[in-house]
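Please treat every number below as a calculation from the coordinates, not as lab data. Just so we're clear, the structure is a prediction, and the values are computed from it rather than from any experiment. Cβ: placed from backbone, ideal geometry, glycine included. Neighbour counts: every protein chain shown.
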Amino acid sequence: MKITHLTLLLLSIGLTFLISLNTLALAQDKPDFAALKGRWVRTDGGYVIEIQSIGVGGQIQAAYYNPKPINVSQAEAKRSGAAVTIFIELRAPGYPGSTYTLIHDPKSDELKGIYHHAGLQQDFDIVFVRGKAGQ
């Protein structure tokens, strides 16, 4: 079988096309969590979640204040269809595994969801709004 320049060119174009399709598919699968970064203030009190960074896999570097810092033992973001969800677990005295399960509402730019108070074994509907500097 004789390989011509035309054959090599066609193979090269085909390979480039397949790589481009694969790159496009990976980019579409990678969730965009950038909108979650920032300071979020709970509407029913001075509770604050500060999302400092989010890794490609959804790992969140976050801080929680009430008003003093409370240990964030676990924090992650996930995409489920069009929805972006956040899970945060708190572990400190008075916070024995209390959790937030939140969904980002892009229209209102709010985090809405459930706060599970592990000490009381109760769930509360809560909302966080984007905080302003000094809040």
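Brief remarks on what is shown
- Given +1 at the Cβ of Lys and Arg, -1 at the Cβ of Asp and Glu and no other charges, the dipole of the range 34-130 around its Cα centre is 220 debye to the nearest 20.
- Cut-off under 5 Å, modelled amide H: who pairs with Gly131 long-range: Arg39, Trp40, Val41
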